[in-house]
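Remarks on the structure that follows.
What follows draws every value from the coordinates through simple rules; no lab data is involved. Predicted model only: the values in this text are computed from it and were never measured. Note that we place each Cβ from the backbone using ideal geometry, even for glycine, and neighbour counts take in every protein chain shown.
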Amino acid sequence: MSHRRFILLCVLLCAGALLLVGFLLPDVERLVRADLPDETHVTVLARGDGDTLLAATQVGTIWRLKHGVWRQERTDLAGHLVLALGGDVDRMPIGTASGLLMEHAVGPIPGDPRVSDLLVWGDALLAATGAGLWVAVGDTWSQPLADRNLYRLIAQPGPDETILHAGTIGDGVYSAPARTLTQSWQPNSLALPHGVKILSFAVTAFGPVLAGTDQGLFWQSAPGTSWRVLDPQLHGRRILALFCEPIVMNDGQQRLWIGGDAGLVSVDLLMRDGRLLAAGVPRVYPPLWEPLRAGVSWIQPSPDGLVISAGALYRLQSVRPPGWFRFPLAAIILVVAVGGWWWLNPPSESGDSAR
């Protein structure tokens, strides 16, 4: 074989290797845009009945994701800004910037305040508002916590009783046993930064409750005990959304999904010697193409994978890494270039035979 033919063979082998590398690159998890049909800004993402998801928008529409397709669920909201869903919209109230939209047995909340979150506990309906906590039991509203700007609510099951928590904007956390939810709620902000804003809650499978704030992520083993920083790498960051996967993995860890200005992050949790710890370094999941429209404010599971709201909706999917096509494209260009050069410069038979 001539020297020139040997070089050409090497080039073609390299091109084939590039093709192989490009097509065999492993898939990576990225946030893929999966927006609503009208592409409006999403204000709430919540679980519906069955395996469905509900998405409320800033123009006063509610959509349901079922079998992978978004369909408009409610069209009678008269443009109200929906901020909270207490459950499936077919049977539960809807919280808006001007009170409860759906008719409830006890009537509207006095003053029609801005409703940031709703929690149904037994026969009681709890509403977090800018004017405090309102609780409906039977046919009356009561206000066990007033003059506080409430933002998030959560129930923390315990071995003896369930504790309810209310997160505020600027005044930390207030808590009460579920059996006395209509009575006085007590401050529960020991060791939290002064003036902290509670933006999200989650309860772990190990028992402790998590609070996402404008100054990082904190956890508490039991009501009244000190809040502790979960992961120094997240300290100081704004944590807008939290979601704990319900299943504990075989190694005794539980996956925590974290949403905020930095995007979507996950970290595995474990309990060791009575402390909740982050196992390993938090993992970031960037969007596939363009940057996120806003911080990740809601995280919900679906049969097709995790769905988040960051202004628009995104789904976490396994995809080829961005730019993977450059490998086979470069190989194709290289092969075409070599073939063109070979066609324009055919080998000389006499030159080959002389060699």
**OP:** Assign one of three labels to the range 64-134, namely rounded, prolate or oblate, based on the Cα gyration tensor with a ≥ b ≥ c the square roots of its eigenvalues; rounded applies when a/c is under 1.5, prolate when it is not and a/b is larger than b/c, and oblate otherwise.
**Re:** prolate
**OP:** Would you please give the residues with an amide H less than 5 Å from that of Asn149, counting only those at least 5 places away or on a separate chain, with H modeled from the backbone geometry?
**Re:** Ile169
**OP:** Enumerate the calculated ³J(HN,Hα) couplings along the range 152-163 in order (Karplus 6.51 cos²θ - 1.76 cosθ + 1.60, θ = phi - 60°), each rounded to whole Hz, writing x wherever the residue is Gly or Pro.
**Re:** 9, 10, 7, 9, 10, x, x, x, 10, 7, 8, 10
Original post:
Between Trp121 and Arg47, what is the label-to-label distance in nm when each label sits 7 Å out along the Cα-to-Cβ direction?
Top reply: 1.8
**OP:** Return the long-range amide H neighbours of Asp268 (sequence gap of 5 or more, or a different chain), with a cut-off of under 5 Å between placed amide H atoms.
**Re:** Leu256, Ala279
Original post:
Arg238's amide H: which non-local residues (gap 5+, or another chain) put their own amide H closer than 5 Å, with H modeled 1.01 Å from N in plane and none for Pro or chain starts?
Top reply: Asp261
Original post:
So what are the ³J(HN,Hα) numbers for the range 116-131, from phi and the Karplus equation (6.51, -1.76, 1.60; θ = phi - 60°), rounded to whole Hz, Gly and Pro as x?
Top reply: 8, 7, 10, 9, 9, 10, x, 8, 9, 10, 9, 10, 8, 10, x, 10
**OP:** Multiply the residue separation of Ala262 and Gln233 by 0.36 nm, subtract the distance between their alpha-carbon atoms, and state the gained length in nm to one decimal.
**Re:** 9.3 nm
Subject >> Dimensions (Å) - the range 149-308, Cα atoms, principal axes, largest first >> reply: 50, 36, 31
**OP:** Just order 166-176, 129-139 by mean Cβ neighbour count inside 10 Å, highest at the front, would you?
**Re:** 166-176, 129-139
Subject >> Note, ³J(HN,Hα) from phi for the range 275-291, Karplus 6.51, -1.76, 1.60, rounded to Hz, x at Gly and Pro >> reply: 10, 8, 10, 8, 8, x, 8, x, 9, 9, 10, x, x, 6, 10, 6, x
**OP:** Grab the beta carbon distance between Asp88 and Thr140, set R0 = 35 Å, and tell me the FRET efficiency rounded to 0.05.
**Re:** 0.90
